[in-house]
Amino acid sequence: MKASDVPCPEWLQQRLEKNGNRVPFSTFMDWALHDPVHGAYGAGQLRVGKDGDFVTSPSLGEDFSALLIHQLSDWLGCLAARHPDSLLSVVDVGPGEGDLIAQLITLFQASASDLLSRLEFVLVEINPGMQVRQRNRLQGLATAQCRWCSLAELASEPVNGVMLAHELLDALPVERLILSNGALQRQMVALQTSGGLSSLVWAEDALPEPLKVQISVQAERDDLQLPPDGAQDGWATEWHHSLKPWMQQAHAALADGMLLVVDYALEASRYYSSRRPDGTLLAYRRQQASSDVLRDPGDQDITAHLCVEAMLGEASVAGWIPEGHCRQGEALLALGLAERLNALQQLPGDQLAEALRRREALLRLVDPSCLGELRWFSFHRNPPEASAEGLHPSRFLREPS
Ligand SMILES: C[S@@+](CC[C@H](N)C(=O)[O-])C[C@H]1O[C@@H](n2cnc3c(N)ncnc32)[C@H](O)[C@@H]1O
């Protein structure tokens, strides 16, 4: 991580001064992303998409949703049979521009209108600035039943359905840990004032007791070696302290159904490795990635990969039943990516430009240096029902036929 010594905007200077001139990195990340007036998402400044700050799979066009809908239809079909009188919900947590929900509504309207009449679409968005953009995006699709609410509101009346967390969990604020004199410390963001100029610098504090306990309990449970053998002073990493409450809230919000998490993740052996001395934190702005995460707070996205074992561990403790996980390329192939690519060749000549655009988008979805690195994880809310032939894995986890 760059030893940032970067100008501090006035709003943040005032915030830091009120907090003793230093806060944990997790607090800084929360403010920089979610402050309702100055935060990158809070104020709705970040744009998702090719012309924005970074791309996500649904922002490249409807092909991603057109493949995902096969899996959603399977899950919703089973739920419809299990709950014949219940409305079913597609819950998108962290909907960004609202692209995924908008595309799903259009696709359900075109291909599964019988199911659509039983569906509602629930958008869970904590940032008012993003909510405004989602409402605008969905305006023309008024025939479908959409609502916005929080996970806590859903928990007071849990729904049956499918919950999607697509590139959400990598935006949850993380703690930064650094090895210093052989012990893990908590990285802080501090205000430095010199010659009348205020800047942000990294600092370190001892780990507070609750965090220390959380790390040691979870490291033992999930077999994480933290710090890993061979790590030198200065080795730093991230700790997802807020995964646990998120998994609990999500679990309470669903009465029956599935959770699909799609996000960047690494196995613990690669996440907490001496060969990864600087963690996974990255900032994004105008399609450029940077390791300088303290720069321009409120104007850039900040993300951290998930640790696979830690995420699965927290989900299990919250009551989720992990079904399986795979890379995005495998998931999309199982859902019909190859057939979709082939079908592009059948498009008439006057649609060549469209075919080329969609071909490029489909290939980007599975490019291992970019979106193909994403992992798909599915979880059952309740113990899965076995059929006479036994338990069938979800379609995205099966070998392509
Ligand atoms: C990286 S964007 C993902 C957008 C979208 N899912 C996509 O893939 O295009 C993260 C989104 O999650 C929202 N968000 C961040 N933290 C959240 C939370 N705790 N609950 C709900 N939404 C959150 C952000 O405001 C933003 O809309």
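The values are calculated or read from the model by the stated rules, or taken from the named source; none is laboratory data. Since the structure is predicted, the reported quantities are computational estimates derived from the model, not experimental observations. Quick reminder, even Gly has a Cβ in these numbers, built from the backbone with ideal geometry, and neighbours come from all protein chains shown.
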Of all residues making up region 101-131, the number that are closer than 16 Å to residue 77 by Cα and within 11 Å of the ligand (Cβ to nearest atom): 0
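Just the residues that are small (Gly, Ala, Ser) and within 22 Å of residue 300 (Cα to Cα), please, taken from region 122-177.
Listed by number, the residues that qualify are 129, 165, 171.
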Of all residues making up region 180-239, the number that are in contact (Cβ under 8 Å) with a residue 60 or more places away in the chain and of a type outside the set (Lys, Arg): 22
So residue 50, is it modelled with pLDDT of 95 or more and more than 11 Å from the ligand (Cβ to nearest atom): no
Those helices (runs of 4 or more DSSP H) lying entirely in region 38-127 with at least 3 residues within 23 Å of residue 373 (Cβ to Cβ): 63-82, 99-111
Residues of region 260-286 classified as within 14 Å of the ligand (Cβ to nearest atom) and not aromatic (Phe, Trp, Tyr), total: 7
Complete set of residues in region 176-205 that are surrounded by 16 or more Cβ atoms within 10 Å (Cβ to Cβ) and touching a Lys or Arg at 6+ places or on another chain (Cβ under 6 Å): 187, 188, 190, 203
Members of region 295-326 found to be of a type in the set (Val, Ile, Thr) and under 15 Å from the mean Cα position of the chain (by Cα), listed by number: 302, 303, 308
Condition check for residue 97: touching a Lys or Arg at 6+ places or on another chain (Cβ under 8 Å) and within 11 Å of the ligand (Cβ to nearest atom): yes
Residue in region 132-153 that is among the polar types (S, T, N, Q), near the ligand (Cβ under 10 Å from one of its atoms) and in contact (Cβ under 8 Å) with a residue 12 or more places away in the chain present: yes
